[in-house]
Amino acid sequence: MKLTEQIRADLTESMKARDALRTSTLRMLQAAIQNEQIDKGRELSDDEVLVVLQRGVKQRQDSIEQYTKGNRPELAEKERSEMALLQTYLPAQMPDEELESAVRQVIVDVGASSKKDSGRVMKEMMARFRGRVDGKKVQEIVGRLLP
């Protein structure tokens, strides 16, 4: 089953179960996917849907940070719940130890020797492990490993 079909089925199920939070979150996700389809003029592949999902998770992380700073814990908690729901559709994130060894391997593969080469390392990492790694973590590890 394609990811878009799974999301649609889960939306229908949540509406039948009268789960308001899940329904509203999935409706927002489906709207974001449809907007992306309109922009591209075609159906999205599962990889492209994953990009939309990751964008939604990142937006919620930013919102949580802002609500926490603004002393609005109830809104931050709602965003956390939405983020947790969106993350169920994403592939499992790579553990930190495995991520660091993968970065070391990519550094060797692309022949990176200084911080000037970090862009090539980042590009290769994100291409190889799309959806399984967080760009900020990769950037931090690359910065730490390259002199």
Can you find, within the range 102-135, the residue that is farthest from residue 146 (Cα to Cα) among those that are surrounded by 13 or more Cβ atoms within 10 Å (Cβ to Cβ) and of a type in the set (S, T, N, Q)? 105
Qualifying residues in the range 34-68 (those that are in a helix (DSSP H, G or I) and among the basic types (Lys, Arg)) - the one surrounded by the fewest Cβ atoms within 10 Å (Cβ to Cβ): 40
Given (1) assigned to a helix (DSSP H, G or I); (2) over 23 Å from residue 11 (Cβ atoms), identify the lone condition not met by residue 71. (1)
Can you tell me which of (1) in a loop (DSSP other than H, G, I, E, B); (2) of a type in the set (S, T, N, Q); (3) over 15 Å from the mean Cα position of the chain (by Cα) is the one residue 118 doesn't meet? (1)
Between 56, 111, 41, which is in the same structural domain as residue 28 (by TED's automatic domain parsing), over 21 Å from residue 28 (Cβ atoms) and free of Cβ contacts under 8 Å to residues at least 60 places away in the same chain? 41
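It is to be established whether one or more residues within the range 85-94 are in a helix (DSSP H, G or I), farther than 27 Å from residue 142 by Cβ and either in contact with a helix residue (DSSP H, G or I) (Cβ under 7 Å, 6 or more places away or on another chain) or touching a residue at least 60 places away in the same chain (Cβ under 8 Å) (or both). Full working, then the answer.
Looking only at the range 85-94, we keep the residues that are in a helix (DSSP H, G or I), and these are 85-87.
If we keep only those that are farther than 27 Å from residue 142 by Cβ as well, we get 85.
Then keep just the ones that are either in contact with a helix residue (DSSP H, G or I) (Cβ under 7 Å, 6 or more places away or on another chain) or touching a residue at least 60 places away in the same chain (Cβ under 8 Å) (or both); that gives 85.
So far as the range 85-94 goes, yes, one or more of its residues are in a helix (DSSP H, G or I), farther than 27 Å from residue 142 by Cβ and either in contact with a helix residue (DSSP H, G or I) (Cβ under 7 Å, 6 or more places away or on another chain) or touching a residue at least 60 places away in the same chain (Cβ under 8 Å) (or both).
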Can you tell me how many residues within the range 37-94 are closer than 21 Å to residue 125 by Cα and either hydrophobic (A, V, I, L, M, F, W, C) or touching a His at 6+ places or on another chain (Cβ under 9 Å) (or both)? 9
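The values are calculated or read from the model by the stated rules, or taken from the named source; none is laboratory data. Quick caveat, the model's predicted, so the values are computed rather than measured. Positions of Cβ are backbone-derived with ideal geometry, glycine not excepted, and every protein chain shown enters the neighbour counts.
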